[in-house]
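This report concerns only the one structure given below.
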Amino acid sequence: MKYELKKISGDASFREFYRLKRNNQTSIIVLAQKEKFKNLAVYTVINNVLNNNRINAPKLISNHYKNSVIEISDLGENTLFDRVITKKNKLNSYKSIIKYLIKIQKIKVKKIYKFRNLKIKIPKYTLSNLHKESDLFFDWYLKYVLRNKRISKIKKILRFELNKVYKKLNYKNNTFVHRDFHISNIMINKNKLGIIDSQDAIIGNPLYDVASLIDDVRIKLTNKLQKNIFDFYHKNSKLKNDQIQKLKNDFDILSVQRNLKILGVFVRLYKRDNKENYLKFLPYTWTLIEKRLQNPVLKDLKLLLHKHLSIKKLKKFNKI
């Protein structure tokens, strides 16, 4: 039997990925020498949950957890990003994705799952989680773009306002949330959609993954297309009987929260992991934040951000 092992591009985690070819069959070798529990054990459990609910995700083929390695099925090399980016009319593609997301949001999880002798619980989003994520904006992004002593003061002021904003979320944390749901993480294999990078899944707000998809920093969608995708979700989801403004409230808050986090994460990837490629997304991330700050519920946060930061300059700042 002929074997061939080739390293393939990874993601924002500590994992390394290799495509293993045995004759005409391929699989993926995942190596995680850091954060092994999350990147291998939790990842496998979440993928099992998805597959058990008829959502196509990588399946465990062989387990070498003691050696920080697992082997999983190969969903191929074609992402939805590759297909959608070239299309002029993208709405039909996004309608398919929204239907897929609605199917994911119907998943009911158990209290405890097992991976070998390890017990794994899918956690719920909390106010503390939201702050922990947006704190990356202060601790990584602002630290490197401002480089002065004002950061602790700015963090205190903005964090206090963010706390008030997060408490204005309407929906309970009762929905399966992939947490990194965007078209680069959706694969097309034999005309079937599949989802990867699911190890951070959590029980949270139903609008989180919607914001992740529509306000994706990797692809620039027109305002009209964003609105049409959002409206399609509203009309077809379990929230279809709610006033659209209720959904929009949570969408805008979570989009701002997520994109503040992304600014911090992408700078961390550059500074800590030497992954410079992520810096090119920083200006558009600010554009998305500014767009969602137009919501009256975020009025005070918008005033404070503009008072304490020169966003116009920061939007041009993609090389740190």
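The values are calculated or read from the model by the stated rules, or taken from the named source; none is laboratory data. Quantities reported herein were computed from a predicted structural model and do not represent experimental measurements. For neighbour counting, all protein chains shown are included, and Cβ atoms are generated from backbone atoms with ideal geometry for every residue, glycine included.
For the residues Ser27, Ser62, the requirement of being more than 30 Å from Lys235 (Cα to Cα) and free of Cβ contacts under 8 Å to residues at least 40 places away in the same chain singles out Ser62. Checking segment 269-282 against the condition returns no match, with no residue being of a type in the set (Phe, Trp, Tyr), in contact with a Lys or Arg (Cβ under 6 Å, 6 or more places away or on another chain) and under 19 Å from Tyr144 (Cα atoms). Give me the residue from segment 24-44 that is surrounded by 15 or more Cβ atoms within 10 Å (Cβ to Cβ), among the hydrophobic types (A, V, I, L, M, F, W, C) and under 26 Å from Ile262 (Cα atoms) and, out of that set, modelled with the lowest pLDDT. The selected residue is Ala32.
Here segment 271-281 is the region considered, the condition is being under 19 Å from the mean Cα position of the chain (by Cα) and in contact (Cβ under 8 Å) with a residue 40 or more places away in the chain, and the residue that is surrounded by the most Cβ atoms within 10 Å (Cβ to Cβ) is Tyr278.
On the basis of being more than 14 Å from the chain's Cα centre (by Cα) and among the β-branched types (Val, Ile, Thr), does Ile196 make the cut? Please lay out each step first, then the result.
On the way: more than 14 Å from the chain's Cα centre (by Cα): no; among the β-branched types (Val, Ile, Thr): yes.
So Ile196 does not fit the description; no.
Take the conditions outside any loop (DSSP other than H, G, I, E, B), farther than 12 Å from Ser73 by Cβ, modelled with pLDDT of 90 or more and not hydrophobic (A, V, I, L, M, F, W, C) and apply them to Asn51. Does it pass? When the stated conditions are applied, Asn51 does not pass them.
Of all the criteria given as (1) over 21 Å from Leu158 (Cβ atoms); (2) at pLDDT 95 or above; (3) under 20 Å from the mean Cα position of the chain (by Cα), the one not satisfied by Gln257 is (1).
Only one entry of Arg268, Arg258 meets the criterion of being charged (D, E, K, R), touching a residue at least 12 places away in the same chain (Cβ under 8 Å), part of a helix (DSSP H, G or I) and surrounded by 23 or more Cβ atoms within 10 Å (Cβ to Cβ), and that entry is Arg258. Being surrounded by 15 or more Cβ atoms within 10 Å (Cβ to Cβ) and closer than 18 Å to Leu213 by Cβ is the filter here, so list the residues in segment 57-90 that pass it. Ala57, Thr79, Leu80, Phe81, Val84, Lys90 - these are the residues of segment 57-90 that are surrounded by 15 or more Cβ atoms within 10 Å (Cβ to Cβ) and closer than 18 Å to Leu213 by Cβ.
What's the number of the condition Phe81 fails, among (1) assigned to a loop (DSSP other than H, G, I, E, B); (2) within 25 Å of Asn189 (Cβ to Cβ)? Looking at each condition in turn, Phe81 falls short on (1). In summary, Tyr233 fulfils each of the numbered conditions (1) in a helix (DSSP H, G or I); (2) in contact with a His (Cβ under 8 Å, 6 or more places away or on another chain) with the single exception of condition (2). Counting only residues that are more than 30 Å from Asn47 (Cα to Cα) and of a type in the set (S, T, N, Q), which one in segment 123-177 is surrounded by the fewest Cβ atoms within 10 Å (Cβ to Cβ)? Among those residues, the one meeting the criterion is Asn148.
Looking across Lys95, Lys106, Lys88, Lys21, one residue alone is in the same structural domain as Asn191 (by TED's automatic domain parsing), of a type in the set (D, E, K, R) and either more than 23 Å from the chain's Cα centre (by Cα) or modelled with pLDDT under 90 (or both). It is Lys88.
Does any residue of segment 112-123 turn out to be assigned to a helix (DSSP H, G or I) and out of contact with any helix residue (DSSP H, G or I) (no Cβ under 8 Å at 6 or more places or on another chain)?
Residues of segment 112-123 assigned to a helix (DSSP H, G or I): none.
No, segment 112-123 contains no residue that is assigned to a helix (DSSP H, G or I) and out of contact with any helix residue (DSSP H, G or I) (no Cβ under 8 Å at 6 or more places or on another chain).
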